[in-house]
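For reference, the structure is listed below as structure tokens.
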Amino acid sequence: MNEQDEQDTERTAEQEAGRTAEHKKPPKTASEDHSPSEASEQAGKQSGEQAPEAGRQDGAQVSTGIETAGVPEAAIPELVIISGMSGAGRSTAAKCLEDLGWFVVDNLPPALIPTMVELGARSQGNVARIAVVVDVRGRRFFDNLRESLADLESKSVTRRIVFLESSDDALVRRFESVRRPHPLQGDGRIVDGIAAERELLRELRGDADLVIDTSSLNVHELRAKMDAQFAGEEEPELRATVMSFGFKYGLPVDADLVVDMRFLPNPHWVPELRQYTGLNEEVAAYVFNQPGAKEFLDRYAELLRLIQAGYRREGKRYVTIAVGCTGGKHRSVAMSEKLAARLVSEGVETVVVHRDMGRE
């Protein structure tokens, strides 16, 4: 990965380092801590189910509390565990699955994974795929992962483990580029933290269904590998927002592409059309009867087809197309509606927003 892309993948590393001190504190009781993880555990207790144990004694089996009796097997969610070395790209992998429609939970204690699966099974199909990011930030919980996974195998839960790997040299460069310590290095060096983490994750790596070495991958290449494994036969979707706006009110700050309709005559100067907007059929007819309007729509739609393919290859899932005119009332509105209709006809999930319509 190049340094700029590494920073994107290493946001998790920054968060991990900032939370190291917190995990050294004694655990709070359920009444003192109302985090989402503890809230899930309390919800399980209120429904009459036994909460997962935080550990095990004398080799006793961990009780996960998951109950799939009475739940159709088809309703049990598919589960993916994302783990691996800090700085290897776990956050990027998680975001990729989230874009593909997975329900993603970051840093969930392993003992609560069966509870999360059970809640998904009881969601009547609304949560069909769950991805959980598990790492060494919660060290006292991490030991329960193997027991939780073993129990899930007996509950007809389809689960896969994705392990993100990277070389020591690459990890050191990434931590140095963000000037943050490794979460396990303590008073030692970065390499000491990396070595300690490798030892903790050694058995999990051996159990992994998919190991991805990100040493020489950038963010886009990692997303492409995740897409290839989890997108299925369908190509990952691209979602578009087509936004009309008025230049006199300023450019949309979130625009990826901007087009200018001010080369067309302004219906504002036609008295019988001035009071209407581009949603009006007469205004739209006036706009598209002008020289160049239809040709622009055809050629820009063709250009967007080329851009869509590139966006998908680069792992970009969302695009905002800003269509502007002077006031955002007539020409930009009419063109946005037609352009959005073209995108929908080509299978692109599209939302139309008229930012400045009605401001005059």
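Just so you know, all these numbers are worked out from the coordinates, no wet-lab data involved. This one's a predicted model, so the numbers in the text were calculated from it and none came from an experiment. Quick reminder, even Gly has a Cβ in these numbers, built from the backbone with ideal geometry, and neighbours come from all protein chains shown.
Pairs K316/K338; K248/K338; K225/K338: which are spaced more than 31 Å apart, C-alpha to C-alpha?
On the way: K316/K338 23 Å; K248/K338 23 Å; K225/K338 35 Å.
Listed pairs above 31 Å: K225/K338.
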(request) Net charge near I81: determine it from the other residues with C-beta under 14 Å of the C-beta of I81, scoring Lys and Arg +1 and Asp and Glu -1. (result) -3
(request) Return the long-range amide H neighbours of V353 (sequence gap of 5 or more, or a different chain), with a cut-off of under 5 Å between placed amide H atoms. (result) V242, M243, S244
